[in-house]
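Have a look at the structure below, then the notes.
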Amino acid sequence: MPTIQGTGIHGGRMTTAEEAVIRLVGFDGGGRKFWRGERHGPEVELAYGMEAAESKLDRKSFKDEATAQAFVAKQVRARVERGYHVELPFEQRRWADVQAEVVRWISGNSERSTDRVLVYDGDLTIPHSLWLDYRRGMLALADERDPPFSGIIVRGSLRVEGCLYNYEDDYGPFLLVTGNLEARSIATGGARICVLGDLSADVIVGVYNHGSMEAKGTLCARVVASEHAVTAGKLNAIYYRGWGRNALPFRDGIADDSEPYEPRGIFVSAVLKGEQVDLNKARDLAIAGKAVVKDDPASVRVSFRKLVGKKLADADKLKSLSLPGKDLTFLPEEIFSFRKLERLTLTHNKFCLLYTSDAADE
């Protein structure tokens with residue numbers, strides 16, 4: 001897999017952890033431009049400008065190597081947000097030439113035979129976020145009169161050292177990976193993604209219902225929050241289906257309906273909108289590399305046990321339990337631990353379901 005070890009940033013050369021070079025290209029302001037960051041320990045040299053023209057130079061010194069490395073990483077993120085990317089040896093193919101390969105796994109999107117597709121043979125690492133929108137990032141056009149790029153095929157495994165994302169909700173390019181796909185996070189709208197191997201990411205966000213995501217192997221994530229189709233050979237994640245629904249944990253493709261999660265037990269407050277999750281906001285945070293979910297998501301049962309923890313320790317003696325105004329929407333089976341309970345006060349809550357189990361009925 002083409003990569004340069006040390007800082008996780010590549011695209012040029014690297015000799016040691018103290019020395020790194022990354023070069024990006026992009027169509028910015030009507031012409032093809034480049035940006036290069038070269039770091040030697042705490043020293044950074046930036047070069048940028050139009051390709052095939054004299055570059056502008058900027059040199060900076062930092063107090064230590066870590067600060068210099070963070071500065072370069074921030075500069076890379078800023079350029080990627082403007083459509084820059086590392087230059088990789090993709091082959092350009094016509095849609096007509098690869099259509100049969102793609103539609104075997106991904107539904108078409110009214111592509112024309114002259115549309116272009118980027119194809120990479122072998123394993124690949126992209127050292128930054130991958131912007132998967134038409135006419136953006138790697139799919140940008142040198143001339144707007146050129147045939148558009150419909151998508152990307154990686155005939156191997158793909159690692160994205162950032163977020164794999166697209167903004168357009170009604171439609172989007174396709175990404176077909178014949179091996180495994182690994183990304184820091186995935187946050188898409190109308191993009192169509194199919195992985196013939198395993199897919200792994202910390203958080204996966206799917207906005208609106210026009211996109212799709214499929215892993216023929218195992219899909220592993222801490223949280224999947226999506227309004228569009230997400231399918232996998234085996235799913236290992238807390239799965240929030242959107243539209244105000246609650247979430248269930250999946251282990252090896254099997255849902256554990258005895259351990260439901262509420263959105264507030266999973267997501268950071270910035271993406272909560274009443275009892276629902278603002279997936280557009282979640283996508284923005286994921287793309288920016290900010291937290292979307294809590295460090296330690298808590299299920300309804302875990303939250304309830306925290307709420308009545310001391311009382312559970314002496315459950316057989318409790319005769320009265322008062323839980324008014326606790327914003328409870330579920331009453332988990334732990335309530336049946338209080339076998340001698342005579343009085344239960346649950347006013348001013350928001351119940352929608354009572355969970356029981358076979359053990360509770362005995």
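The values are calculated or read from the model by the stated rules, or taken from the named source; none is laboratory data. Just so it is clear, the structure is predicted and the values come from calculations on it, not from any experiment. Please note: Cβ atoms are built from the backbone with ideal geometry, for glycine as well, and neighbour counts cover all protein chains shown. These area figures cover heavy atoms from the full protein model, side chains too; ligands, DNA and RNA do not enter into them. Shrake-Rupley method; radii C 1.70, N 1.55, O 1.52, S 1.80 Å.
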Worksheet item: Which entry in (i) 4, 15, 14, 11, 9, 6, 5, 5, 5, 4, 4, 4, 3, 3, 2, 2, 1, 1, 1, 0, 0; (ii) 5, 21, 26, 21, 14, 8, 4, 1, 0; (iii) 5, 19, 17, 8, 4, 4, 5, 10, 14, 11, 4, 0, 0 is this structure's computed P(r) over Cα pairs in 10 Å bins from 0, in percent?
Response: (ii)
Discussion item. Checking the cross-link filter: which lysines have an alpha carbon closer than 21 Å to that of LYS317, excluding same-chain neighbours under 8 positions apart?
Written reply: LYS306, LYS340
Discussion item. Out of the total accessible area of the chain (probe 1.4 Å, heavy atoms of protein only), what percent is carbon and sulfur?
Written reply: 46
Practice prompt. Over the chain, average the accessible area per residue using a 1.4 Å probe and give it in Å², no decimals.
Written response: 49
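With only Lys, Arg, Asp and Glu charged, each at its Cβ (+1 for the first two, -1 for the last two), find how big the charge dipole of the chain is about the Cα centre; round to the nearest 20 debye.
Once rounded to the nearest 20, the dipole reads 820 debye.
Output the pairs from LYS273/LYS350; LYS273/LYS294; LYS63/LYS290; LYS273/LYS310; LYS33/LYS290; LYS310/LYS350 with a Cα-Cα distance over 21 Å in this structure; if there are none, say none.
Numbers: LYS273/LYS350 16 Å; LYS273/LYS294 16 Å; LYS63/LYS290 25 Å; LYS273/LYS310 32 Å; LYS33/LYS290 28 Å; LYS310/LYS350 23 Å.
The answer is LYS63/LYS290; LYS273/LYS310; LYS33/LYS290; LYS310/LYS350.
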Worksheet item: How far is helix 65-81 tilted, in degrees, relative to the longest principal axis of the Cα atoms in the chain, given as a value from 0 to 90 rounded to the nearest 10?
Response: 80
Worksheet item: Can you tell which of PHE34, PHE90, PHE338 shows the greatest fluctuation in a Gaussian network model of the chain with Cα springs below 10 Å?
Response: PHE338
